[in-house]
Every structure is written in C-alpha cells, then in structure tokens.
Amino acid sequence: MSENSCGSGGCATNKEAEEKKMAELMGRIKNKIVVLSGKGGVGKSTVAANLAVGLSLEGNKTGLLDVDVHGPSIPRLLKLTGTRPGVRNDTMIPVEYSWNLGVMSVGFLLPDEHEAVVWRGPVKGSVIKQFLDGVEWGERDYLIIDCPPGTGDEPLSVLQFLGKDAKAVIVTSPQAVAMDDVRRSITFCRLMDTEIIGIVENMSGFVCPDCGAVHNIFDTGGGERLALDAGVPFLGRIPIDMEAAKAGDNGEALLAVKSDSPASQAFKHVVRAVIKSSKK
Ligand code: ADP
C-alpha cells in the first residue's frame, strides 16, 4: 500500500496520524488500568470508583473513565449525574470530581440518563476512541477505566487502542459461579497480552454493623485460590459493608466519607498494592 492510499478502511495516512495522536496523548498518562469483571453486580464500578478516589487521595493526578456504554454507573456513584463535560478546541474536558480526579463517562453525553443505548460494536469502538484521544486528559499518574462486565466490545476496544500499555485489575465476588467468569477474564487478558495487576475479591464476608464480626455468607477465599492457580497476584478482600452500600446509594465514594470503615481499610490495601505495581 502506498503512503497515501485510501480504501474501505480509510486513508492509511489518516489512520497513522490518528494512531500517532492516540499514542502521544496516552503517553502522557503513566499508568492505564482497566477494571474488569466476569459478571455484573460484583462491585466492579464501586471498586473502580474507590480505586480512583484512593489514588487521588494519595496525591496522584488521576482520571476515571467509564466506558460502560449500556449501564454507566460512575456518574451516580460519584454524584455527578446530569453533569456535562466542557469542550475546548473540539476536545472534551473531564468533569472535576476533585482537584486531582477528573471523570469522563458515556453517561455525561446521553440526553437522558434513563435512555437505552443501542449502539453496535463499531459505534462503541469509535465512542471509546473519542474518550481516549478526544478528551483533554493531560499529564496524569493514573487513568482508571471502568469496563462493563464480560469480555465484549468495550474492554476489547480499550485494550486494542491502548495495547500493552494497559494493565488490568479483575474484580470478582467469592461465589463459585463468579469464579468461572473470572477465569474467562484472565484468559481474555492473556489473549490480549495485558498484564494483570491482580484480582480483588469484593463482597467477601459481611461485616455485622452491631458487633463488627465478619460472617462469611458465601464461601470465601475463592479469589485468592484462583489467583494462586493462575499465577496472578491477589490484591485483597473487601467485605460487604453496609457503609459501602450506603455510600454507593448516596453517590459518595466510601474512601472519601468513611475512611475508617472495614471496607475502606480493605480498599486502601488494594490502592497500596496498585501503587506498588505502578510506573513512578
Ligand atoms: P458492578 O459494577 O459489578 O455491576 P456495582 O459497583 O454497581 O457493581 O455494585 C453493585 C451494588 O453493590 C451497589 O449498590 C454497590 O453500592 C454495592 N456494593 C459494592 N461493593 C460493596 C461492598 N463491598 N459492600 C456493600 N455494598 C457493596
């Protein structure tokens, strides 16, 4: 193909220029971390939000990108529903959650938050591309990317755009049925050549609000066993904590409002493990 040749896939020069722009913009972010889960409802978005807030509270310039096209929950979890990102020179500006945490979500762009999105794979891919190279992320220590559950178009697009530069955190709950799905997430990362920072076992035991004792409603330790089997680091267990559920419902990150609760302590442990594995 000659340097300027055009075909059904678009002009080669345009594509190269776009790839260069993406590499340049993403190169200004030291650590790109996708948060994955095999199934929904295991607390992936809660972990992504608390990870981003925790990293920012440790003084890191952080971005949080929600690419869950069909169910963006980050705006609700961080009380940013109804917010619109600013635009400067055709580039979107992340919504400021705090001075060092900027947030972008497909939820900010929908005319109505309850609207059902019916985009097909290629459309999702181009929206995700815009979230990466059409947003003024600037220099950041971290970009945390909350992907929808499973191994579909969204995580695939993100990992294809970011290549080996992205790493993954996989969230699971302790039930056996969730374990089967997490195996698929591990295989997915391996196929994409994405380094796995580790597995987080969320909803691992229930903290009794009266006596503080931890009751294991489901079997516990499955995430750790699976991590060991797969040769992947285990980042820690986060208990079911009524404070975490309350904070989620109130649109607050637990780490920002109840930093001493059992789940907060566990989130801090995960944040420290992620920092340890990061580029400085
Ligand atoms: P997912 O992104 O996996 O679908 P969410 O993060 O939206 O899951 O969490 C689902 C629900 O569970 C939310 O209401 C959230 O507040 C709650 N939740 C998540 N983790 C915990 C926890 N450790 N303790 C109590 N509630 C939690």
- Note on the structure: 1/(1 + (r/R0)^6) with r = Cβ-Cβ of L110 and D90, R0 = 22 Å, i.e. FRET efficiency to nearest 0.05, evaluates to 0.65
- Note on the structure: With all protein chains in place and a 1.4 Å probe, F267 shows an accessible area in Å² (nearest 10) of 10
- Message: Per DSSP helix of 4 or more residues, -39500 (n - 2.57); summed, then divided by the residues of the chain. What does that give at 222 nm, rounded to the nearest 500?
- Response: -12000 deg cm²/dmol
- Query: Can you flag which of K124/K280; K21/K280; K246/K279; K20/K268; K61/K129 are past 30 Å Cα-Cα?
  - Reply: K124/K280; K246/K279; K20/K268
- Item | Amide N proximity, the stretch 197-217 versus R225 label position 7 Å along Cα-to-Cβ, cut-off under 19 Å | 199-206, 215-217
- Using a cut-off of 15 Å between beta-carbons, work out the net charge of the residues near V106 (Lys and Arg +1, Asp and Glu -1, V106 not included). -3
- Message: Counting other C-beta atoms within 10 Å, and keeping those with at most 12, which DSSP coil trypsin sites (Lys or Arg not before Pro) do you find in the stretch 62-146?
- Response: R120
- Once amide H atoms are built 1.01 Å from N in the peptide plane, which residues 5 or more positions from V135, or in another chain, come under 5 Å H to H? M92
- In the stretch 41-133, which GluC sites (Glu not before Pro) fall in coil by DSSP and have 12 or fewer other Cβ atoms within 10 Å? E113, E115
- Task: Name the residue, out of P155, P85, P122, whose mean-square fluctuation peaks in a Gaussian network model built on the chain with Cα pairs under 10 Å.
- Result: P122
- Query: Which of these, K20, K246, K39, has the largest mean-square fluctuation under a Gaussian network model of the chain (Cα springs below 10 Å)?
  - Reply: K20
- For the chain, with all protein chains present and a 1.4 Å probe, just round the carbon and sulfur fraction of the accessible area to a whole percent. 51
- Message: Please check: in the Gaussian network model of the chain (C-alpha springs, under 10 Å), which one of A49, A178, A17 has the largest mean-square fluctuation.
- Response: A17
- Task: Mind checking the per residue accessible area of the stretch 166-280 for me, 1.4 Å probe, whole number of Å²?
- Result: 48
- Message: Per residue, how large is the accessible surface of the stretch 25-107? Use a 1.4 angstrom probe and give square angstrom.
- Response: 37
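The values are calculated or read from the model by the stated rules, or taken from the named source; none is laboratory data. Because the structure is a prediction, the values reported are computed rather than measured. Ideal geometry is used to build each Cβ from the backbone, glycine not excepted, and the neighbour counts take in all protein chains shown. Just so you know, the surface numbers come from the protein's heavy atoms only, side chains and all, with ligands and any DNA or RNA stripped out. Shrake-Rupley method; radii C 1.70, N 1.55, O 1.52, S 1.80 Å.
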